[in-house]
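A short reminder: the numbers here are calculations on the coordinates, not readings from a lab. As the structure is a computational prediction, the values presented were derived from the model and not from experiment. Using ideal geometry, Cβ is built from the backbone for each residue, glycine included, and neighbour counts are taken over all protein chains shown.
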Amino acid sequence: MSIDLDNIELYLIAFLILFLWWFIRNTIKFYYGEKKRVKNLHRFAKDGEVDAQVELAKHYQKGKVVKKSCDRALYWYNRASLSGSDEAKGYLQKFVEDKKGRGKC
């Protein structure tokens, strides 16, 4: 089987178009999957799931998928620590120290 080198540009363009379509499609699927995951984290966190509360606080602290909010991160860390999570207590203490030291979350 021989490839016609005169049309190699067409093959490259076709490949790039297919790759671009695949990349955009998977990026959109990932984005909506992450949004759905955060929505479920909210639901579980409101129901008192400690691990969900900690994860949600991390999302708010870093601004991952949701708008960055120090107040909401502090709220979810505090709520998880009041539920008895030692991990959340450590995160809460570090979060408060960082906020005092740098003024940022």
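Once the range 61-90 is narrowed to residues that are among the hydroxyl-bearing types (Ser, Thr, Tyr) and in a loop (DSSP other than H, G, I, E, B), the residue that is nearest to GLY33 (Cα to Cα) is SER69. Counting the residues of the range 42-76 that are touching a residue at least 24 places away in the same chain (Cβ under 8 Å) and surrounded by 17 or more Cβ atoms within 10 Å (Cβ to Cβ) gives 10.
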